[in-house]
Amino acid sequence: MNHDNCFYCTDEYKDYMKEVAILEHSRVYLNNEQEYPGRCYVVLDIHQTELFQMDDDKLAGYMKDVAKVAQAIQHAFSPDKINYAVYGDIDSHIHFHIVPKTKSGKLWGWPFELTGEEGKKKFLTEEQYQQIINRIRAYL
Ligand SMILES: [Zn+2]
């Protein structure tokens, strides 16, 4: 996979997420599937596929963006814990899943489900998405 057919470098991602913010080293998106309220992606602003490909300044800057988004989600939704997930088998462009979890919520103590069970995915109205985005933006 390269820049030309990358999920995050083309417009393909736009069917699955909504823009929250552009940060210094990343783009931030709200996942359309909101079983974990406030779940976001932090997508590196250049096409690289492994953390070790970045120089120290880029890596530190990107990780600061990841932490900033996690902190904003913490302030906005007060979860019991933020989970961070980085996979990339299919869409290898570096991106963190930022997943707020609660002790009373789904899969506490276990890795969250990346896409949710078919038929149980939680989608919202455009107005509800915008309310969540505004709550997160207020803390970025
Ligand atoms: Zn890419």
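Taking (1) within 20 Å of residue 110 (Cα to Cα); (2) in a loop (DSSP other than H, G, I, E, B); (3) away from the ligand (no atom under 16 Å from the Cβ) in turn, residue 70 satisfies each apart from (2). Is it fair to say residue 44 is within 16 Å of the ligand (Cβ to nearest atom) and exposed (fewer than 15 other Cβ atoms within 10 Å of the Cβ)? It is false that residue 44 is within 16 Å of the ligand (Cβ to nearest atom) and exposed (fewer than 15 other Cβ atoms within 10 Å of the Cβ). Please indicate, with yes or no, whether at least one residue in the stretch 98-105 is within 25 Å of residue 11 (Cβ to Cβ), away from the ligand (no atom under 16 Å from the Cβ) and open to solvent by less than 80 Å² (accessible area, probe 1.4 Å). Yes, that holds for at least one residue. Listed by first and then second residue, the pairs with beta-carbon distance under 6 Å, at least 6 apart or on different chains, first residue in the stretch 1-17 and more than 7 Å from the ligand (Cβ to nearest atom), second modelled with pLDDT of 90 or more and of a type in the set (Ser, Thr, Tyr), are 1/92; 17/29. With respect to (1) within 16 Å of the ligand (Cβ to nearest atom); (2) at pLDDT below 95, the lone exception for residue 111 is condition (1). Of all residues in the stretch 106-121, those that are acidic (Asp, Glu) and either surrounded by 11 or more Cβ atoms within 10 Å (Cβ to Cβ) or in contact (Cβ under 8 Å) with a residue 40 or more places away in the chain (or both) total 1.
If you take the residues of the stretch 9-36 that are of a type in the set (Ser, Thr, Tyr) and out of contact with any Lys or Arg (no Cβ under 8 Å at 6 or more places or on another chain), which of them is surrounded by the fewest Cβ atoms within 10 Å (Cβ to Cβ)? The selected residue is 10. In the stretch 74-97, the qualifying residues are those that are small (Gly, Ala, Ser) and outside any helix (DSSP H, G or I), and the one that is surrounded by the most Cβ atoms within 10 Å (Cβ to Cβ) is 92.
Which is more than 14 Å from the ligand (Cβ to nearest atom), modelled with pLDDT under 95 and under 18 Å from residue 137 (Cβ atoms), of 37, 79? Within the list 37, 79, the selection yields 37. Residues in the stretch 1-22 that are among the hydrophobic types (A, V, I, L, M, F, W, C) and either assigned to a helix (DSSP H, G or I) or under 13 Å from the mean Cα position of the chain (by Cα) (or both): 17, 20, 21, 22. Regarding the stretch 122-131, can at least one residue be identified that is assigned to a loop (DSSP other than H, G, I, E, B) and open to solvent by 80 Å² or more (accessible area, probe 1.4 Å)? Yes; the residues of the stretch 122-131 include at least one that is assigned to a loop (DSSP other than H, G, I, E, B) and open to solvent by 80 Å² or more (accessible area, probe 1.4 Å). Across the stretch 96-108, a minimum of one residue is classified as among the hydrophobic types (A, V, I, L, M, F, W, C) and over 30 Å from residue 4 (Cα atoms).
The one condition from (1) under 16 Å from the mean Cα position of the chain (by Cα); (2) within 16 Å of the ligand (Cβ to nearest atom); (3) assigned to a helix (DSSP H, G or I) that residue 29 does not meet is (3).
The values are calculated or read from the model by the stated rules, or taken from the named source; none is laboratory data. Keep in mind that this is a model prediction, so the values were computed, not measured. Backbone-built Cβ (ideal geometry, glycine too); neighbour counts: all protein chains shown. Quick note on the areas: whole protein, heavy atoms, side chains included, nothing else; ligands and nucleic acids left out. Shrake-Rupley method; radii C 1.70, N 1.55, O 1.52, S 1.80 Å.
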